[in-house]
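Please treat every number below as a calculation from the coordinates, not as lab data. All values reported here derive from a predicted model rather than from experimental measurement. For neighbour counting, all protein chains shown are included, and Cβ atoms are generated from backbone atoms with ideal geometry for every residue, glycine included.
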Amino acid sequence: MAGLASSIYNALFRRNTVMLGTVFASAFAMQLGFDTGSEKIWNSINQGRQWKDIKHKFMEQAEDDEE
Amino acid sequence: MAALASTTRTIARKWTPHALPLAAKATAAASVHQTRSISETHQTSSFDSPFKGAGAGTKIPSFAAYRNKSGGETGPRVFSYFMVGTMGALASLGAKNTVQDFLVNMSASADVLAQAKVEIDLSAIPEGKNVIIKWRGKPVFIRHRTDAEVQEAEDTKWESLRDPQSDSDRVKKPEWLIMLGVCTHLGCVPIGEAGDFGGWFCPCHGSHYDISGRIRKGPAPLNLEIPEYDFPEEGKVVIG
């Protein structure tokens with residue numbers, strides 16, 4: 001445990017520049033994870049009610065209308 | 001009377017020399033009192049509360065439960081840096097999203113973008129004909145030029161014109177001339193297939209444009225403007 005903690009400290013937190021880079025990289029990863037996760041939750045709640053789910057019905061009809 | 005005067009004189013004489021030893025004695029007494037009071041203060045080694053009944057009840061609590069039991073300081077240090085870093089990451093996310101929301105707010109909305117491009121079927125335009133379409137609220141001239149007109153536009157000595165520009169700089173395909181139908185003088189819409197040079201003529205102040213849309217005569221300072229356009233496939237043009 002102590003070895004792991006000290007290696008994390010030495011790798012990420014010892015130098016201020018490296019720490020700043022770690023913070024920004026983790027912010028990017030956090031945003032990516034948050035966005036994809038919330039998108040998945042939204043899609044699962046609204047399944048079958050979104051335009052991409054019902055698009056095929058209307059797009060086929062529109063093509064029929066044109067011909 | 002004389003006896004009284006001599007007595008007072010004697011008292012006065014005696015009193016004056018006595019005044020100084022008296023004052024010296026008083027100072028000595030004061031210093032003695034001071035030293036005694038200091039020695040009294042230093043008699044006990046510990047602090048005694050001056051308040052009655054406060055000394056016995058004071059208990060110092062034990063902080064042993066809160067102390068670091070693991071021994072090393074690496075674990076707590078990593079934890080506190082982790083918390084600081086997480087806080088910084090969340091704060092930078094918030095700042096980034098705030099800035100991004102403002103910038104997205106400034107960019108064009110979807111309904112504007114939907115009108116920004118116009119697609120035209122070129123196969124419906126016969127050779128030697130003009131078509132005027134509306135794009136972003138402005139007229140756009142599309143001219144299907146004949147070979148003779150293309151030859152004429154390319155052979156013009158454009159170096160000596162008011163706004164020198166070669167015909168190849170103004171068209172992507174020589175037979176299709178596409179330009180904004182707004183006179184560069186004061187913004188009237190020129191009339192097609194008119195004027196002294198076989199191109200466009202602005203009726204407002206008499207500017208003559210040639211078959212490449214270049215200003216040849218009249219008050220206009222610049223050639224007719226060329227919009228962004230592209231030929232995504234044969235017989236189609238997308239303006240914008």
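Let's see how each residue does on (1) more than 30 Å from residue B:112 (Cα to Cα); (2) under 43 Å from the mean Cα position of the chain (by Cα); (3) not β-branched (Val, Ile, Thr):
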position	(1), (2), (3)
B:127	yes, no, yes
B:134	no, yes, yes
B:165	yes, yes, yes
B:191	no, no, no
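Check region A:30-44 and report whether any residue there is of a type in the set (Val, Ile, Thr) and over 29 Å from residue B:95 (Cβ atoms). No: region A:30-44 contains no residue that is of a type in the set (Val, Ile, Thr) and over 29 Å from residue B:95 (Cβ atoms).
Looking only at residues of region B:192-240 that are among the aliphatic types (A, V, I, L, M) and surrounded by fewer than 15 Cβ atoms within 10 Å (Cβ to Cβ), we find that the one that is farthest from residue B:140 (Cα to Cα) is B:222. In region B:71-124, the residue that is nearest to the other protein chains (Cβ to nearest Cβ) out of those that are in contact (Cβ under 8 Å) with a residue 40 or more places away in the chain and part of a helix (DSSP H, G or I) is B:123. Tell me yes or no: at least one residue of region B:220-235 is in a strand (DSSP E or B) and among the hydrophobic types (A, V, I, L, M, F, W, C). No, region B:220-235 contains no residue that is in a strand (DSSP E or B) and among the hydrophobic types (A, V, I, L, M, F, W, C).
Annotation: of all residues in region A:5-54 being more than 9 Å from chain B (Cβ to nearest Cβ), hydrophobic (A, V, I, L, M, F, W, C) and over 19 Å from the mean Cα position of the chain (by Cα), the one that is surrounded by the most Cβ atoms within 10 Å (Cβ to Cβ) is A:18. If you go through region B:135-165 and keep only what is hydroxyl-bearing (Ser, Thr, Tyr) and farther than 21 Å from residue B:237 by Cβ, you end up with B:156, B:160.
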